[in-house]
Amino acid sequence: MKALGLDHVAIAVKDLDAAIALYRDVLGLELTHIEEVPEQQVRTAIFGHGMGRVELICPTTSTSGVAKFLEKRGEGLHHICIEVDDIEASIAALKAQGAPMIDEVPKIGAGGAKIAFVHPKGLKGVLTELRQGK
Ligand code: CO
């Protein structure tokens, strides 16, 4: 089992278009695509390719997890995503350390990758997504 590196960081924003204007037009990051993710009730904008992407996430409903995050903490870093080569082994290793998992069993995320979220309490206060690509 091995972690391969930082796949993406996700930043929660209140106004996706305004945030895109800032990250693309002011900062100069390449906007790769915009995607609606109905299961998570968010719209996302992805910048860059491959490892180290930046993802802006904006809630589409007032009851989504990201909407609650924004209410509580305001805009800011929502999670990081670590690419791993064997997600089941990573989950087992974290659980063996007592890390609470939000997803004990991987879900299918964007592009058909397996993903699972680790509770911030398990990884030094940072909500962390594990991802095993295809
Ligand atoms: Co993510």
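The values are calculated or read from the model by the stated rules, or taken from the named source; none is laboratory data. On a predicted model such as this, the values are computed, not experimentally measured, just so you know. Note: ideal-geometry Cβ built from the backbone for every residue, glycine included; neighbour counts use all protein chains shown. The accessibility values were calculated without ligands, DNA or RNA, using every heavy atom of the protein model including side chains. Shrake-Rupley method; radii C 1.70, N 1.55, O 1.52, S 1.80 Å.
Kindly count the pairs of lysines across segment 3-132 whose alpha carbons are less than 15 Å apart, treating pairs on different chains or eight or more residues apart as eligible.
Qualifying lysine pairs in segment 3-132: 4.
Could you tell me the distance between the Cα centroids of segment 1-43 and segment 54-101, to the nearest Å?
Taking the Cα centre of segment 54-101 as reference, the centre of segment 1-43 is 14 Å away.
If R53, R73 are ordered by their accessible area, calculated over protein heavy atoms with a 1.4 Å probe, which sequence runs from highest to lowest?
Reading off the accessible areas and sorting them downward yields R73, R53.
Might you tell me the accessible area per residue for the chain, computed with a 1.4 Å probe and given in Å²?
56 Å²
So what is the 222 nm mean residue ellipticity for the chain from helices alone, if each DSSP H run of at least 4 adds -39500 (n - 2.57) and you divide by all residues, rounding to the nearest 500 deg cm²/dmol?
-5000 deg cm²/dmol
Roughly how many nanometres apart are two label points built 7 Å out from the Cα toward the Cβ at L6 and E35?
Distance between label points: 2.0 nm.
Placing unit charges on C-beta atoms (Lys and Arg positive, Asp and Glu negative, everything else neutral), compute the dipole magnitude of the chain about its Cα centre in debye, rounded to 20.
So the magnitude is around 400 debye.
Rank these residues by their accessible area, most exposed first, probe 1.4 Å: H49, H119.
Putting H49, H119 in descending order of accessible area: H49, H119.
Of all accessible surface on segment 3-132 at a 1.4 Å probe, what whole percent is carbon and sulfur?
About 56 percent, which is the carbon plus sulfur part of the accessible surface.
Where a ≥ b ≥ c are the square roots of the eigenvalues of the C-alpha gyration tensor, would you call segment 3-132 rounded, which needs a/c under 1.5, or, failing that, prolate if a/b is larger than b/c, or oblate?
prolate
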